[in-house]
Every structure is written in structure tokens, then in C-alpha cells.
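Below you'll find the structure, written out as C-alpha cells, and then a few comments.
The values are calculated or read from the model by the stated rules, or taken from the named source; none is laboratory data. All figures in this text were calculated on a predicted structure; none of them were measured in a lab. So basically every Cβ, Gly included, is an ideal-geometry build from the backbone, and we count neighbours across all protein chains shown.
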Amino acid sequence: MGDVSQSRHGISKKLPEKRGKQAAVAAATEFVPEGDDNNAPAAWIQSVLLLHNERRAAHWTPPLVWSQECYEHARMQAQACEAADRRLTKNFVESLSGRHGQNSLGPSRKELKWDQAAAEHVVTQWYSELEHYDFHHPGPQKGCVNFIQMMWAGTCSVGMALSSNGRYCVANYFPPVGNVLAYKYAKNLHPPCDLPPPWISQGEQELPEIYKKVPCAESNWKRHEEVTALLDEGAKYKPLDTLNVDLPDLDPF
């Protein structure tokens, strides 16, 4: 089996060992927490990832993995919408580690449950904005911001949550699309493709150069592992201002 790692953003991943679209999807859904007061139900996580990654694979876009931090802040945003009884501005509740990308839906006429049917209803609605995006003129476009965020190749993790009353659904993404130049849209948003996605073995078939640079490239995974190891090592150390020690007076005056 592939290696499992977790970053400072709660991102966990398992590299695919099998080949094929379903193997790539399963790699991103296999390592999930059990449901409790602090975590979404495992079945919900699997549904959210499967629904996102099936659509991303159809666009030759690498799969997402689950982020606990994204989930927690998506849940807070959904709860804030419930309290306000309306859909709030995106990132009304800011994340502690910086701004996430965010999609939202609501208020829903019927109560959404933590099940595959609700997840599919939400993700399908966001993905339907595809019809408003013109791949021949890449760049920010109206009527498809949710599609752009969920399909952005540079995004690698997602957390999706419902409000307590089931009328609001919010998904947070990391890294976000952000304020990027128009030319980056062509690199991060790919049109649908009938061929299998590029991280699946293609035999002797030559892939377009652009797809060798996507986040699933082996060199990028290696850099990800190196950065993750450094972050894990850095997390072992505490800032001086949190230590209960007397520091020497270094003031020369």
C-alpha cells in the first residue's frame, strides 16, 4: 500500500497502488476518520471525495484528499449561515491558517442529511456550472465560481459540512484559487477528456507536456513529502514565549 502522511492542514493522502480511475479515487478516500463529535461520518467523507474526484478525473485533474481543518471551518461557516438564517459571504468565518477556497449552498428547501444523496445533490449543482465556463477563453468568469474552485488542479484537499438544521452546506478547499493571473486558469482548469487521467499508466503514449507538471507529478509528490517531514519536525518545538523559563536580560541599555 502507499504511504500515508498528514500535513499541518490536516491533509491525509494514500498514493494509489492499483491502476485505473477507481483506484485513484479509492486512494484519496481510504484513509478517513471514524465519525464522532469532531469528525464527519466516514461514509460522508467517502461520498464527498468520490463525487469530487470522479468529476476531476474526467478533466484530467488530480484527486482531492480530506482535510480536517477544511471540514472544521466549513462546519463553522455553515453554522454561522444557520444562525443568520441566510447564506453568508464566503469565508465569513476565517480559517486560522489563512484563507481557504469555499463553496456554499443554501438555504435548501428540504433538510439535507449526512448521506451520499445529499452530497451528490450539492456537488452536482456546483459541477453543473461547467456550462458557463469557456475553456477557449480561460480566466475568471461569471456564474461558475463553484465549478472553478472544485475543479482547480492546484487545490489538493477539501472538507465539506452541513449546518445542524441541514439547510446549508459549505465546502472549504486548500489551497484556494486565490487572486491569480488569467494564464494560470489554463494550467489549472482542464476541459473534459475521454482518455484516462494522466496519473494512470498510459504505456508508450506520450502525454502533453502540461500534464507532466500537475501536482501528481512524481517530483511534486517528493517535494510534498519533504515539506511535510519538515513541518512535522518543526511542530515538535515550542515558541519561547510559551515556555515557563526565565530568559536573560539582553537589553544593552
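At-a-glance table
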read-out: Count - residues of segment 179-194 that are in contact (Cβ under 8 Å) with a residue 40 or more places away in the chain and assigned to a loop (DSSP other than H, G, I, E, B); value: 6
read-out: Residue identified as charged (D, E, K, R) and modelled with pLDDT of 90 or more among GLU131, GLU94; value: GLU131
read-out: Set PHE174, PHE147: member being touching an Asp or Glu at 6+ places or on another chain (Cβ under 7 Å), closer than 16 Å to ARG56 by Cα and surrounded by 20 or more Cβ atoms within 10 Å (Cβ to Cβ); value: PHE147
read-out: Single condition HIS137 does not satisfy, out of (1) closer than 17 Å to HIS59 by Cα; (2) in a loop (DSSP other than H, G, I, E, B); (3) in contact (Cβ under 8 Å) with a residue 24 or more places away in the chain; value: (3)
read-out: Top-ranked residue of segment 22-35 - restricted to ones that are within 30 Å of THR89 (Cβ to Cβ) and surrounded by fewer than 20 Cβ atoms within 10 Å (Cβ to Cβ), ranked as modelled with the lowest pLDDT; value: PRO33
read-out: Filter result (touching a strand residue (DSSP E or B) at 6+ places or on another chain (Cβ under 8 Å), crowded, with 20+ Cβ neighbours inside 10 Å and either without any contact (Cβ under 8 Å) to a residue 24 or more places away in the chain or under 15 Å from ILE148 (Cα atoms) (or both)) within segment 46-102; value: HIS52, LEU64, HIS100, GLY101, GLN102
